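Nothing in this text is a laboratory measurement; each read-out follows from the coordinates by a stated rule. Just so you know, these numbers come straight off a predicted model, no measurement behind them. Virtual Cβ from ideal backbone geometry, glycine too; neighbours counted across all protein chains shown.
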Amino acid sequence: MTFIIHLPMDFVNEALGTSYPEHYAISVFTTYHKEDYFLDRITYHGDPAELAIIQNGYTKVIAHPIGQPRNESNFIIPAREMILSETVEGPDYIGSKMGGKPGYVQQESLSLDHLLFCLQLYGSDFGEDFKDIFFLSDAVGYLFLNVLENENDAGIFFTQCS
């Protein structure tokens, strides 16, 4: 899996109005290959079989104490800065954003009511070499948190595309 985002909890708390322990961070990993097809392994539209595939190790969300960064993936994505501004709302919003309601999420029953929507990442917002991070440049990745109930399973990350 490839490391795609690191979110310090103080940043998450500021963006979402939560009160998670500030000495923690969230790290998100996803399956990624430059040459092999992998989209079906990271996509979720409400089908329990899709969710089972994702949870079988094709994406991973972990909460961990803040420490020294490391990346053991074959692909290293250059760091990018996230800047908080007004929350963008609307069901048709397709860009990257944090908090509020997920935009462009397809309306099937996702069975995620027990999780907190954290952010969405638009594939084309990644640097030039990684616009295909979710296989298609117009795919959107969604992060929902279940923070600190289980550090090794702190939420779910999946993609959707049309």
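Okay, here's what the table says:
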{"read-out": "Long-range HN-HN contacts of Ser96 with modeled amide H, under 5 Å", "value": "Tyr122"}
{"read-out": "Amide H contacts under 5 Å for Tyr24, placed H, 5+ residues apart", "value": "Met9, Ile66"}
{"read-out": "Partner lysines for Lys131 [C-alpha distance under 18 Å; skip if fewer than 8 residues away on the same chain]", "value": "Lys34, Lys97"}
{"read-out": "Assigned charges on the beta-carbon of Lys, Arg, Asp, Glu; the stretch 1-75 dipole about Cα centre (debye)", "value": "160 debye"}
{"read-out": "Whole-Hz ³J(HN,Hα) from phi, Karplus 6.51 cos²θ - 1.76 cosθ + 1.60, for the stretch 36-41, glycine and proline x", "value": "9, 6, 9, 3, 5, 8"}
{"read-out": "Amide H contacts of Ala154 (H built 1.01 Å from N, under 5 Å, at least 5 apart or other chain)", "value": "Val61, Ile62, Ala63"}
{"read-out": "Convex hull projection area averaged over all views, the stretch 1-64, Cα basis, nm²", "value": "5.3 nm²"}
